[in-house]
Amino acid sequence: MSVSLSRHALPRHLHLGKHPVVASTRSKSSYSPFANPGSTAFMGSVTSIKQLPELNGLPEVVVIGRANVGKSTFLNAVLGRRDIAHTSKKAGHTRALNYYRVGDEPGQLALVDAPGYGSRGRREWGDLFSAYIASREELRRIYILFNAKHGLKETDKGMLAHLHEQCLSSHGTRFTLQSVITKADTLDDDDITRAISTIRSEIFEAAPTCLPPIITSCVMRPVFGIEEARRNIEEVCGLVKKV
Ligand SMILES: Nc1nc2c(ncn2[C@@H]2O[C@H](COP(=O)(O)OP(=O)(O)OP(=O)(O)O)[C@@H](O)[C@H]2O)c(=O)[nH]1
Ligand SMILES: [Mg+2]
């Protein structure tokens, strides 16, 4: 195993080519909701569809993926907080839809951490999630995470196909789908290039409407791909003024 991956070691096309880091789209005068991590607040846990919070029109994005893929860690990195979301080596840790407000009150957007799906996920979490995506009007984008080392499993393909159908049936007016590759540090440079290529094709096969992956590592210092993820969230929530 190698942890040598670095911005410089990454193949050029992974970070500079087809899907460039979008920091350059930010106007110097625009303000990032992620600029002040201290203003982020945990809003509460939702275990039943009736408990979904009233956010008075705040845009919302959700982070999903198989148990243990790194959802809560990714969310902490995006929020610039060490442990506002609880993480664990043991799969199945997050057991509710956990809401985080980003920005000073009343906030600029809500970020939602979801329980994992797959063999360690529980059926009732699946039911809650299905009801959530079917009805939540504030939802702008679903971030679906895949472990670089494990690639896509059948449950991932099934989830992608299901979400793709939902996007198509609403003509993309309700939410869009963005893929994210986690734990890029767990593969060496040759393997990560191959893994990304396979994951990209499998995503496209299962869900042609899903946007190609943002590649991340939350253990690299500095973290990798997180600034790109923040810009992506700001854009989909209408918070970036393009110059
Ligand atoms: N090497 C490496 N490990 C990571 C990375 N991100 C997360 N992890 C580890 O992966 C494990 C699971 O992380 P979580 O963030 O709790 O995963 P989760 O998807 O929220 O898990 P559940 O809530 O159980 O579904 C933890 O031990 C993390 O430290 C990463 O970028 N690189
Ligand atoms: Mg979690």
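What the table below lists for this structure:
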read-out: Single unsatisfied condition, Asn98 versus (1) among the polar types (S, T, N, Q); (2) touching a His at 6+ places or on another chain (Cβ under 9 Å); (3) within 24 Å of Arg174 (Cβ to Cβ); (4) not in a strand (DSSP E or B); value: (4)
read-out: Positions within region 204-243 being buried (at least 22 other Cβ atoms within 10 Å of the Cβ), more than 16 Å from ligand 2 (Cβ to nearest atom) and hydroxyl-bearing (Ser, Thr, Tyr), in sequence order; value: Ser217
read-out: Subset tally (residues that are within 10 Å of ligand 2 (Cβ to nearest atom), of a type outside the set (A, V, I, L, M, F, W, C) and surrounded by fewer than 19 Cβ atoms within 10 Å (Cβ to Cβ)) for region 91-113; value: 3
read-out: Condition check for Arg81: of a type in the set (Lys, Arg), touching a His at 6+ places or on another chain (Cβ under 8 Å) and either under 18 Å from Ile226 (Cα atoms) or at pLDDT below 90 (or both); value: no
read-out: Of the criteria (1) out of contact with any Lys or Arg (no Cβ under 9 Å at 6 or more places or on another chain); (2) on the phi > 0 side of the Ramachandran plot, which one Lys183 fails; value: (1)
read-out: Evaluation of Ser24 against (1) modelled with pLDDT under 75; (2) within 15 Å of ligand 1 (Cβ to nearest atom); (3) farther than 22 Å from Asn147 by Cβ (one fails), failing number; value: (2)
read-out: Matching residues, region 58-68, being part of a loop (DSSP other than H, G, I, E, B) and near ligand 2 (Cβ under 9 Å from one of its atoms); value: Ala67, Asn68
read-out: Candidates Ser130, Ser119, filtered to the one that is more than 10 Å from ligand 1 (Cβ to nearest atom), closer than 30 Å to Arg194 by Cβ and modelled with pLDDT under 90; value: Ser119
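The values are calculated or read from the model by the stated rules, or taken from the named source; none is laboratory data. Values in this document were obtained by computation on a predicted structure and should not be read as measured data. All Cβ positions, glycine included, derive from the backbone under ideal geometry; neighbour counts span all protein chains shown.
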